[in-house]
Every structure is written in structure tokens, then in C-alpha cells.
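One structure below.
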Amino acid sequence: MQKSPQDVLKDIKAKKFAPIYIIHGDEPFFIDQVADALEDGILREDEKSFNQFVLFGKDQTMGSVISYARRYPMMAERQVIIVKEASFLEALAKGKEVKGNDDLKAWEDYCERPTDSTVLIFTIKNLVAEKAKVLALADKLGVIVCSKKIKEDKVGAWLKDYLAQKGLTIQAASVELMVSFVGADLQRMAHEADKLVINLPHGSEVGAEEIERFIGISREYNIFEFQNALSSRNIAKAQKIAFYFAENTKQNPVPPMLIMLFNYFMKVLQVHDLGSMSDAEIAKNIGVNPYFVRDYLNAKRNYSLAKVVRILEAIKNADLKVKGVIGHAVSEREIILDLSFEILHL
């Protein structure tokens, strides 16, 4: 049975367990979250010493894992076998089993008759093909969890929901600030969000002050404020932030900044192409919170379509300079200042 990570977490809280779990995908955060919940939530602490085994795929074969799974628990209702980084399962899915069909046959037999008192869990930090036989065999009695990376424009909604589950609300501007600072790395985002959870009382609202105090993102000098200054053509503010970035390139590396600026002006380009639409329609089309639509409309007024195209070209050239593809050796400091000036004076 296919289930989402959220559904499995609900099952664990309700003490509903399947005999087999395969947790695979390209988003490590959800894999670790579900695996940790199963590791912590099935057995009592006093049962784990003799009945919970954490194995590593590089040291195991399917046959050896199944020999563990066929054992019976000691003074407990269940035993739990967790196989982390079960690369051999992925190899079976690709038809690369080392021992002919022995491992696949052993897996097929186990999936038909799993041991009632065993919960067998595999984690694989790669996507296994949905139609692979190893998944199909486990699908009837077990649970398949596919952990897929969420799109960058969905990270803000994920953060808002994550904090809500921990009893905090967060302002839209603060969501944007954290996403611009952290990006789409959910493990790092959860780590940063947990700093807020630890330090703020339940029911608090997270604003720019809390972000600066507990995460260390400056309210005044950050990419979000830089974009706002550029969109409104506030030359004094934009140059002030650019000089701060230029003098602190270790804390504000150029490559991720260029990616964010490029994505921002690509959305401004989209707004030009959309013509006359409501804020809600624009937000949906360019994938942003409606709260920020006015910033993009402001940028549209301040930068003609031709200028936006030239800005995108300037950002691409700055990226090539960082990589040493074009121009003479130029410092990141010079690249930041030159690009800021170019955007504001095109």
C-alpha cells in the first residue's frame, strides 16, 4: 500500500503498524522522520535491547536480513528490524542481484508470508522505480513510502505547517526571509525552525525580530530586503545592502544570491507577460504568496520588459564571472557591487 510520510506518522501515533515498510526517495528529511518515528514508536524502551536491531545495508544481503526477520521476539509482542541505506534492495529493483534470483526469491517468499511479530523497515535515499518488482511484492501487505523533494515554491508552506505543528505561527515576510536564507534543504530548515520552537513560548508569532535574534538573519541586510530595494529602485538602500554583502562575502556568498536574484527577475518577467490579472491570479501563476504580489507589480512598473531581459543577462554574466568563464579575475566584492549598480542604472 502506498502511503505518504504524513499518513504513516499518523498510523504510528495510533499504534497501527504494518509488517513491512519500504521508505525510499530523494528527500532525506521525510525518510529520516518516518524511520525515527518507527524506531521510537513501536517498542517500549525496556523492550528494545533484545528486540530492536538497526542494520546497515552495506553489511547485509536480503537473505541475512530475512533471517533476522524470521526470528521471534524475546519477552515482547514484536521485534523491529531497521535496515538503513538498503542499497541491495535498490540493486534487486534494477535486476542486479549478485546471487542470481536467490535474494529476490527470498524476498518474494517473505512478502507472501511475513512474520506476524516482526516489523521490517528498509530505508533507501534514492527513488526506486514505482513499478519495480521489489516494491510490488511488498505492496500487498506492507507500506511503501515515497519521499519526494518538494518544489522550492512549496517550502514556505511546509515551514508554516511545520511551525504550526509545534505551536507557532509565522508572518509571511518572515517565511520568505527564512526560505531565501535556507533554500529548499528541509533538514536545515527544520534545524533552523527548531531554534524558534525551543526559544519561543507556545502560541508565539514569529516575526523579523525573532528571526534575527534566534537564527541570525539580519532584518536589514538580507537578500529579501535587497530584492525589495531593487524592485522599488531605492538606490540608497540597495547600494547600502550591496556594500554590506560585498564586505561580508563569507556570510553572503555570491552564487546562491545570483540564483535568488535570477529567480526573482524571472518572476518579474512572467508578470510582464501575464498582463492584467488579479493579485490572486498572478500569485498562482508565478508561484508566490499573494502577500508579495505588490512587490512584483512594483518591479514591473520600475523595470520595463526590455530592462528585465537585460537584468537577467547581467545576472548570467555575473555568474560566469564567478565561475571564471568570462572576464579577468574579479573578486566577489566587485561582482556584487557592479551587478547592483548595473541593475539600478540600466
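Remarks
- In the range 126-143, residue nearest to Ala93 (Cα to Cα) [restricted to those that are in contact with a helix residue (DSSP H, G or I) (Cβ under 6 Å, 6 or more places away or on another chain) and in a helix (DSSP H, G or I)]: Val134
- Take the conditions (1) crowded, with 20+ Cβ neighbours inside 10 Å; (2) at pLDDT 95 or above; Ser117 misses just one of them, which is (1).
- For the range 151-179, the tally of residues that are under 18 Å from Ala283 (Cα atoms) and either at pLDDT below 90 or within 15 Å of the chain's Cα centre (by Cα) (or both) stands at 15.
- Subset of the range 233-256 [open to solvent by less than 50 Å² (accessible area, probe 1.4 Å) and not in a helix (DSSP H, G or I)]: Asn248, Thr249, Asn252
- Considering the conditions (1) over 14 Å from the mean Cα position of the chain (by Cα); (2) surrounded by fewer than 16 Cβ atoms within 10 Å (Cβ to Cβ); (3) charged (D, E, K, R), Lys148 is excluded by exactly one of them, (1).
- Residues being in contact with an Asp or Glu (Cβ under 8 Å, 6 or more places away or on another chain), of a type outside the set (Asp, Glu), more than 11 Å from Ile121 (Cα to Cα) and at pLDDT below 95 are represented in the range 45-57 by at least one member.
- Exactly one residue out of Gly203, Gly183, Gly216 is surrounded by fewer than 15 Cβ atoms within 10 Å (Cβ to Cβ) and either closer than 30 Å to Ile343 by Cα or under 24 Å from the mean Cα position of the chain (by Cα) (or both): that is Gly216.
- No other residue among Val54, Val34, Val8 is surrounded by fewer than 19 Cβ atoms within 10 Å (Cβ to Cβ) and either β-branched (Val, Ile, Thr) or on the phi > 0 side of the Ramachandran plot (or both) apart from Val54.
- Residue check, Lys105 at pLDDT below 95, assigned to a helix (DSSP H, G or I) and closer than 25 Å to Lys58 by Cβ: yes
- In the range 85-102, the residue that is modelled with the lowest pLDDT out of those that are open to solvent by 60 Å² or more (accessible area, probe 1.4 Å) and within 17 Å of Leu55 (Cα to Cα) is Ser87.
- When Ile82, Ile22 are screened for being touching a residue at least 60 places away in the same chain (Cβ under 8 Å) and open to solvent by less than 20 Å² (accessible area, probe 1.4 Å), only Ile22 passes.
- Which listed residue, of Val330, Val288, is at pLDDT below 90, buried (at least 16 other Cβ atoms within 10 Å of the Cβ) and not basic (Lys, Arg): Val288
The values are calculated or read from the model by the stated rules, or taken from the named source; none is laboratory data. Bear in mind the structure is a predicted one, so any value in this text is a computation, not a measurement. Virtual Cβ from ideal backbone geometry, glycine too; neighbours counted across all protein chains shown. Keep in mind that these areas ignore ligands, DNA and RNA; they rest on the heavy atoms of the full protein, side chains included. Shrake-Rupley method; radii C 1.70, N 1.55, O 1.52, S 1.80 Å.
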